[in-house]
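Notes follow once the structure below has been shown.
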Amino acid sequence: MDADDIAVTYCRICPGACGVLVEHQDNVVTGVMGDRDHPLTAGYTCAKGRNMGGFHSAPNRFVKSQRRNAAGTLEPIEFGTATAEIADQLTAIVDRHGPDAVALFLGTQSVFATLTRPAAHAWFRSLGSHKLFFTMTIDQSAKWLRALRLGDWAGGRQRFDESDVWMLIGTNPLMTMQGGDFTGVPVQNGPQELRRARERGLKLIVIDPRRTETAAQADIHLRPRPGTDAALVAGLLQVILSEGLYDSEFCAQHVYGLELLRHAVRDMTPAATETSTGVPADQIAYTARVFAGSVRGMAMSGTGPDMGPDANVAEHLIGALNVVCGRFPRAGDRAARDGVLSRAGTLTAQVIGPSRPWESGFQSRIGYGRIHNELPSAILPAEILEPGADRVRALVVVGGNPASAIPDQVATVRALQSLDLLVTIEPFPNETARLAHYVIAPTLMLERADHTGLFDGVFPAPFAQHAARVLEPPPGVVEDWVFFAELAARMALPIKLAGRVLQPTDERPSSHQYLTWTAERGRVAFDDVVNKPHGRMFSNLSPLLVGPADDDADGRFDLLPVDVEHELKQALAPRDRLWPFSLVVRRQRRTMNSLGRGIAGLARDDVNPCYIHPDDMNELGTSDGDAIRVIAEHGTIETVCSADPTMMPGVVALSHGYGGLPGDDHNDPLTAGSNPGRLLSLTDSIQTITGMPIMNAIPVAIERIEKSKAVRG
Ligand SMILES: Nc1nc2c(c(=O)[nH]1)N[C@H]1C(S)=C(S)[C@@H](COP(=O)(O)OP(=O)(O)OC[C@H]3O[C@@H](n4cnc5c(=O)[nH]c(N)nc54)[C@H](O)[C@@H]3O)O[C@H]1N2
Ligand SMILES: Nc1nc2c(c(=O)[nH]1)N[C@H]1C(S)=C(S)[C@@H](COP(=O)(O)OP(=O)(O)OC[C@H]3O[C@@H](n4cnc5c(=O)[nH]c(N)nc54)[C@H](O)[C@@H]3O)O[C@H]1N2
Ligand code: SF4
Ligand SMILES: [Mo]
């Protein structure tokens with residue numbers, strides 16, 4: 001193998017952005033290994049990255065765009081013809097019903113291709129529709145809401161590498177690579193970074209019912225009953241506020257509602273919190289003292305609390321914990337981001353006071369306003385089905401799989417099936433593509449160039465990398481962004497790409513040109529990144545410091561707005577526990593949501609097991625691989641069980657992203673996996689404002705399926 005056939009690049013399946021060496025021959029990947037010379041990831045990879053070749057050469061990959069014919073099957077169509085037809089149909093729908101009849105759904109994989117989201121947004125903005133959906137709103141939209149109701153810090157978060165404590169609530173970043181402003185943990189080469197931090201004295205607190213990969217590294221691991229984070233954090237706040245462990249100076253200057261909060265949590269003594277959460281009282285008091293007694297370090301969270309039954313108030317209290325302890329960088333402190341390829345913005349030591357954008361501006365017919373100009377993904381089915389002049393009749397999906405991901409899969413699929421036009425830009429025959437009228441076949445990561453500007457806020461150091469195209473794309477595929485630019489041109493819509501207006505008749509810039517534009521507001525010359533294939537650490541850049549507050553700064557955090565106070569009362573009220581088990585979320589190393597199923601090297605994940613503690617398995621009379629039924633108030637699914645001693649007794653876990661479409665006759669739980677989304681409801685106990693359904697801590701019963709009745713086995 002000569003060196004020409006080994007490309008240096010980085011993986012773009014998840015935010016890990018691991019440096020890799022890709023060996024290839026005749027346009028086919030023959031091997032992938034971690035890049036030991038990569039300044040941040042130093043050779044670390046996971047199975048998904050090492051099998052990235054399998055994605056590119058998968059036999060079921062769409063290498064041409066597809067159109068559904070009269071018989072209901074997809075058949076190949078030229079990209080130009082498909083785009084022209086889609087443009088005509090969208091224009092007709094807009095002419096008749098207005099732009100709000102067209103919706104855009106941005107999925108998880110729209111995030112990792114540098115140009116996809118900007119170009120999709122550009123087309124959609126020019127179209128003038130309000131019906132924008134993104135997976136953040138079936139994920140952790142409670143974080144957006146928290147920053148708006150509580151207020152936010154204009155200086156950003158504290159730095160992990162300067163902290164002496166860090167609290168992670170319901171997140172497993174060592175596996176999921178959820179870092180940046182979500183968890184603040186350095187996920188690049190995470191295990192080693194965490195070890196290093198603990199060696200220098202950082203105390204890691206993990207709150208998770210499961211003994212996760214991350215919890216296994218923790219100094220303190222609390223295991224609450226699922227769905228009780230609001231009560232647990234209220235209990236921590238009770239100790240901190242009653243023992244005077246908070247930052248009174250910071251609170252005096254920057255906070256409203258301290259006394260209200262103190263009053264609201266006054267009854268959540270450690271003993272009362274133990275009753276609500278199952279965590280021993282002494283551990284609660286100890287954890288509160290360790291967190292508040294440290295000098296620096298934040299409480300951060302993941303899908304555990306944010307998908308739970310009290311997501312909005314739980315997330316608010318997590319924010320309040322940071323606020324009362326004053327855990328934000330002050331003037332002169334080093335900022336948590338470096339702004340290498342992206343615009344760093346102005347960081348100042350002041351509060352961005354609360355605001356409520358969802359209360360004004362566009363309101364959907366079914367009663368939700370917008371946050372960050374988006375509507376909640378969970379209302380998409382109703383936006384399609386509920387009658388009204390502006391109901392959604394056409395949907396464009398990019399890098400997502402709403403037919404699998406949006407809860408109450410049966411209702412969601414029914415809605416998608418009733419669309420006049422469903423278009424997805426999608427490489428694989430996923431559940432959404434199986435319903436679509438058109439599928440546009442896109443390039444995959446090794447077939448396009450990218451840069452790491454998107455990860456500026458995730459990298460723990462001033463680092464940037466450019467990925468050049470490694471493989472020639474199949475002749476029938478286009479880059480995601482090219483579809484949106486072409487669609488805009490054919491709909492006669494001017495679009496704005498990186499600040500420049502592109503008229504429908506203008507020549508499209510090259511991908512390299514567009515990439516260069518997106519990096520022009522960074523602090524380094526793009527060429528200095530492009531010519532360093534392993535990526536470049538810009539250690540010579542002066543660190544970004546948080547500046548002093550503006551003279552007229554008067555924003556304050558609002559610890560307990562009236563609606564939060566109401567939600568808190570509800571969350572702290574005693575609840576009956578009538579079902580034997582609680583079903584929680586979990587992510588798998590070998591898949592990224594629904595991506596990875598059926599890929600060579602990752603194929604074993606065709607089965608989606610329900611993880612159960614061995615003691616519970618004994619009691620249920622099941623052993624590994626047995627078929628079981630998971631029964632919830634809103635649905636029942638069949639799957640197989642897997643003994644897992646990291647589970648907490650009484651808690652079971654299932655990953656999402658499996659299970660085909662409702663009614664599939666190949667829906668064999670032993671080979672196709674099952675979709676936990678079928679156990680969820682889009683109408684019962686929905687969070688206010690964010691429209692977030694309950695997706696975690698689902699009360700369930702488990703039943704062994706007798707061998708003779710199992711689908712197979
Ligand atoms: N390998 C891989 N990586 C991924 C993904 C993937 O599918 N595979 N998905 C990506 C996506 S889209 C996202 S959003 C991120 C999510 O990133 P994370 O939020 O880190 O995802 P999870 O691993 O589901 O972590 C949630 C944790 O919450 C715990 N938990 C469950 N219920 C509760 C509860 O009530 N309270 C508390 N405190 N904890 C609870 C679970 O045991 C679990 O460990 O991961 C991303 N990374
Ligand atoms: N029950 C339950 N439901 C959940 C969750 C849960 O924990 N439990 N988690 C929720 C969360 S956090 C999320 S983020 C959503 C995930 O919801 P989605 O983001 O809608 O689902 P993904 O499976 O990530 O879809 C990504 C799609 O992009 C495609 N793709 C890969 N590469 C490219 C590319 O280069 N270009 C294009 N155009 N497409 C590409 C993949 O083939 C895949 O089909 O699911 C949510 N649903
Ligand atoms: S999928 Fe794996 S190899 Fe790729 S970036 Fe994420 S952790 Fe790294
Ligand atoms: Mo997500």
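Every read-out reported here was derived from the displayed coordinates using simple, explicitly stated rules and does not represent laboratory data. Bear in mind the structure is a predicted one, so any value in this text is a computation, not a measurement. We place every Cβ from the backbone using ideal geometry, glycine too, and count neighbours over all the protein chains shown.
Between A47 and V63, the modelled label-to-label distance comes to 2.7 nm, taking each label 7 Å out from Cα in the direction of the beta carbon.
Peptides 615-626, 514-525, ordered by how many other C-beta atoms sit within 10 Å of their residues on average, highest first, read 514-525, 615-626. How big is D for segment 543-687, in µm² s⁻¹ as a whole number, if Stokes-Einstein is applied with the Kirkwood radius of its Cα pairs at 10 °C and 1.306 mPa s? Estimated via Stokes-Einstein, D reaches 86 µm²/s. Radius of gyration over Kirkwood radius for segment 81-196, both on Cα atoms: the Rg/Rh ratio is 1.11.
Placing unit charges on the Cβ atoms of the charged side chains and taking the dipole of segment 1-69 about its Cα centre, the candidate lying farthest along the positive direction among V32, Q66, G43 is Q66. Quick one: pull the percentage of alpha-carbon pairs in segment 304-463 with a separation above 29 Å. Looking at segment 304-463, the distances longer than 29 Å represent 44 percent of pairs.
Taken over the chain, lysine pairs spaced eight or more positions apart, or on distinct chains, with alpha carbons under 25 Å apart number 6. Given R₀ = 22 Å, FRET efficiency for N618-T646 by Cβ-Cβ distance, to 0.05? Given R0 = 22 Å and the Cβ-Cβ separation, E is 0.85.
Projected over all directions and averaged, the alpha-carbon convex hull of the chain occupies 30.3 nm². Around the Cα centre of the chain, unit charges on the Cβ atoms of Lys, Arg, Asp and Glu (plus for the first two, minus for the last two) sum to a dipole of about 220 debye. For the pair A216 and Q283, label points projected 7 Å from Cα toward Cβ lie 1.8 nm apart.
Report, for the chain, the % of DSSP beta bridges that are antiparallel, rounded to 5. Antiparallel bridges make up about 55 percent of those DSSP assigns within the chain. When peptides 607-613, 556-562, 536-542, 494-500 are sorted by average Cβ neighbour count within 10 Å, with the highest value leading, the order is 607-613, 556-562, 494-500, 536-542. Taken over the alpha carbons of segment 52-121 as equal point scatterers, the Debye sum produces base-10 log I(q)/I(0) values at 0.28 Å⁻¹ of -1.15. Between D161 and T683, residue separation times 0.36 nm minus the direct Cα-Cα distance comes to 183.6 nm. Annotation: for a label point projected 7 angstrom from Cα along Cα→Cβ of D664, residues of segment 429-459 with backbone N closer than 13 Å are 429-435.
Per-residue packing, averaged as other Cβ atoms within 10 Å, sorts the ranges 683-690, 44-51 into the order 44-51, 683-690, beginning with the highest. What the Cβ-Cβ distance of A468 and Q192 gives, at R0 = 22 Å and to the nearest 0.05, is a FRET efficiency of 0.20.
Label-to-label distance for R508 and A573 is 5.5 nm, based on points extended 7 Å past Cα in the beta-carbon direction.
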